[in-house]
Every structure is written in structure tokens, then in C-alpha cells.
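The structure appears below as C-alpha cells.
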Amino acid sequence: MPTNRADTIPLNREEPPDNETRFLRGKPNEELESFIREDSPILVRGPIRIPNNILGAMFRVFRVYEGRAVVVLANGRIHEVLHAGGYHALSFPMTKRIDVYSVNMRERTLDIETKDEFTLFYATPTGEKLPVKVDLDMAVTYQVANPERVAVEVDRPVTMLYDAVLESIRSIVSSYGKYHDFLSGGNGGYMVLQQLQSRGVEDNLGLRVTNVQITRLAGAEELDQMFLGGFIKEQTAIVDAKAEAIKQRNQLALDLERAVNNRDIARLTELTPQYVLQHHPELYPQLFGDRSQTDALRMQSLMEIFKLNPALGSAGDNSFQEALQYMLTGTVPTPPPHSSPHSSPHSSPRPSLGLSSALARLQEEVRILQASGLGNNVTLRDDNGVYYVRINLQNDQGETLNMYFMCSPKYPHEPPTMFLEYNGQETPFRPDVLMNWSPSTSSLRDLVNAVIEAYS
């Protein structure tokens, strides 16, 4: 597969021509310094031979500049390494052949470019792993750590470093290389650096690798676009669904508040299924699954709205019965006065009706309704002193008429609260008997007869 490995070969070393006579002409000191300090991308330059005799060396002084090192060979063996500073040729062993190498000690970058060289695994949002041929480019930062080994013992250190990087990547890929590890922000570069260090690149090549950066990764653009587009659509749908749920919840709360403030029984009854579905979903099938069997429970769920809604707290002493009566009628029952040491001895408390009197009256009226032909269609339930009467009727055509009455403990001195359902729909019908209620002459039977007559 195509790589730019061939571009690294000229970067290894340069051997100047005519190294035997280079410094026998002109000013050898200046030429030696020029050779050492020459700014070149080549890692190693040399060797060059320095004429070494007493007369010539007496006047030969040269400098080694920062970013360079000079490896000195005496009779073909490494004699010393010269770092930045000034030196005299008399420091070299006399009568020995002196050769020098100039080594670039600066921190450098090796650019690696590959095309379809590696196969990485692309992880999809569903967890599937797809093999993908990729183009992978890297920038490897390195520096000479051992100038003697680079100059004398390793022939092509830069090219060998290039090969070591590619072998490290192959080792990573063979043990399942993830595509996303080599993206920007991934740990692919760090894994390559760890591989190079474990391979002993510094000891073997004399080069210290300090950083590996992934500069380009290509080959899975279509997969990225496809899955990113699907992810964005999915996230958009989730956000839209959450926004719609919040909107519906807030609208339901607003509708409930308005219905409570306006004492709109029809609207409250209409909102009851939504309220139960949202706050008590486990009860929804029981309450609304079979209407012929759950009308009483539906009435109770409506009462739960009044109990839970804080807007009812302004009614009376916050008791459920008084709050409910306030919401339905707009009036608050006046509690009976209590005797005190400062009251008149001739004053007497207003007679109050106990629970037994209201319940006894309702039981008698229910028996009358049952005896009049309604039978088991009439039921009475006592809920902590609040009484509920339910009447379910159905004609031959399947039409239904359901009547619900709620009576306080002061019934019949306080009229019952009534609401109707005709074929399952709330109706605002209010008979004259209810509007002109009289404790002595009015009864539930009168209300039922008025409703039946109106809907017959």
C-alpha cells in the first residue's frame, strides 16, 4: 500500500564529496565551522577528515553551536563527542587519523503518510463493529539521544524509526484497533508512543520519541455522516417528545387550575382520566377500563383532584368537605358557635345535624328510589361522613344516563351536589328542584324524576 517511506531515505545522512582534500584548501577553520553548523534537514553529515599535524593544528580553532554535536573518530574508533563550545585541534590525538560527523540534535518531526495501509474497526451506535480501510497520517516528534549510535552504528535511523512506527500501529490494529481511538481527541497517538517505547527505540536507534500525533484519518466519512445524521434525528425526536410531554403536563395543570377557579364540574370530570393517567397510571385500567363497573371509582377520582389541588386550601378550615363545598357552590358553611365564659347565659348553640340524621335520611330516600323501580341501579356509599348516591340507567336502545349526588353531613339542610352523564358525556343540566331546594319538601326522588322526565 502507498506510503511516503521513500521520502525518509535522504533525511538520514549526507557524505560530502572529496573528504580527503576538503580542508587542505582555503581557510580550514572557517570551512570546518561551516560544515558543522550548516542548517540542513539531514540528520547526520560526514564523515570528513581533518589533517592532523602539529603545524596545522597549532592554528586550528573551531566552534560547535547549539543544536549540533560532533562525533570524533580517531583511527576509525569513537574518540569523543563534542557539544556546544569552542575547541582547539591540538586536543585531538596527534599522528592519528581524525574523522568527524556533524549530528543534528534539534527536536524534529517525522511526517508519516499512509493510504489504505491499516484496517480499523468502526463501532456503530448499535454496538456492531465494521472493518474499515483507512488513510492514516501522523506526526512523530523525535530527537537524537545518542549521537554516537546515530552517526556510526545505525545506517538509516530516520527510516528505521518510520518502520518502527508502522509496525507499532500494526501491532495495535491486530489486537482490535478502534476507529474512534484514532480520531481527534482519541488515544491512538498515545498507544503508538507506548508501543515505540516498549520496543526500545531509544536504545536501538539512538532516537528518543517524545510525541505521536494523528494528523489525518480518512475512510469512514460515509459511515460518520450516516450514523451522525441518524443520531441527530433520534436526539431531535427525543427532545421534541420531552418538550411535548412538558407542554401537555403544563397545559393539564393550567386546565385544572382554571376548572377549580371557575368551579367547572364538567371540565374537571373531563380532565379526571388525564389526571389519573399521569399521576396514578396503575389505577387507570381499573378506573376507566369498564365504565359500567367503575362509575363510583370515577367519582372518587374526581374527589381526589379536590384533595390534592392546593388551590382548595383557601376554603374554610382546609377540611375536604368544606373545601369541596366551597369549590362547588362558592359558599363556606358556618361552624356552630362554641360556648365560652364570656357568652350570655341565655344564649344557646344552634342545633346541628349529626352524621346519623343525614345518613338515615339518605338511606330512607334510597329505599324509596329502589322501591319505585330503580332497584339495584341505586347505590349509597359513605366516605368519612360524605355520602355519594349513584344511579345508572339504560334504555332499550343502549343509551345511558348516570346521575351522581354528593351530600354533606348537613343534608337535607344543604342541597346535594349533582352532575350528570348522558351517553358518557358530561351535561350541565340543573333541574328547578335543585335550584329551589327546600329541606322540608325536596328530596333525591324529586331530582331523579326531573332528570328522567327531561331525558325521556
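Pick from the range 369-381 the residues that are surrounded by fewer than 14 Cβ atoms within 10 Å (Cβ to Cβ) and not polar (S, T, N, Q): which of them is modelled with the lowest pLDDT?
Only one residue tops the list, namely R381.
Just checking, does the range 431-452 include any residue being under 53 Å from the mean Cα position of the chain (by Cα) and either in contact (Cβ under 8 Å) with a residue 24 or more places away in the chain or buried (at least 20 other Cβ atoms within 10 Å of the Cβ) (or both)?
No, every residue in the range 431-452 fails to be under 53 Å from the mean Cα position of the chain (by Cα) and either in contact (Cβ under 8 Å) with a residue 24 or more places away in the chain or buried (at least 20 other Cβ atoms within 10 Å of the Cβ) (or both).
Residue-by-condition table, conditions (1) assigned to a helix (DSSP H, G or I); (2) under 30 Å from E128 (Cα atoms); (3) modelled with pLDDT under 65:
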site	(1), (2), (3)
T210	no, no, no
I214	no, yes, no
A243	yes, no, no
L252	yes, no, no
P273	yes, no, yes
Q278	yes, no, yes
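When you check Y162 against the structure, is it touching a Lys or Arg at 6+ places or on another chain (Cβ under 6 Å) and on the phi < 0 side of the Ramachandran plot, yes or no?
yes
Taking the range 7-39 as the region of interest, how many residues are among the hydroxyl-bearing types (S, T, Y), modelled with pLDDT under 85 and either part of a loop (DSSP other than H, G, I, E, B) or under 57 Å from the mean Cα position of the chain (by Cα) (or both)?
1
Which of the strands (runs of 3 or more DSSP E) contained wholly in the range 81-170 include at least 1 residues that are surrounded by 20 or more Cβ atoms within 10 Å (Cβ to Cβ)?
98-104, 108-113, 118-123, 129-144
So how many residues does the range 40-79 have that are crowded, with 17+ Cβ neighbours inside 10 Å, in a loop (DSSP other than H, G, I, E, B) and at pLDDT 90 or above?
Looking only at that region, the number is 1.
Hey, can you tell me all the residues within the range 385-430 that are in a loop (DSSP other than H, G, I, E, B), touching a residue at least 60 places away in the same chain (Cβ under 8 Å) and closer than 21 Å to A358 by Cβ?
Listed by number, the residues that qualify are G385, S408, P409, K410, H413, E414.
The values are calculated or read from the model by the stated rules, or taken from the named source; none is laboratory data. Being a predicted model, the structure only gives us computed values, none of them experimental. Every residue, glycine as well, gets a Cβ built from its backbone with ideal geometry; the counts of neighbours run over all protein chains shown.
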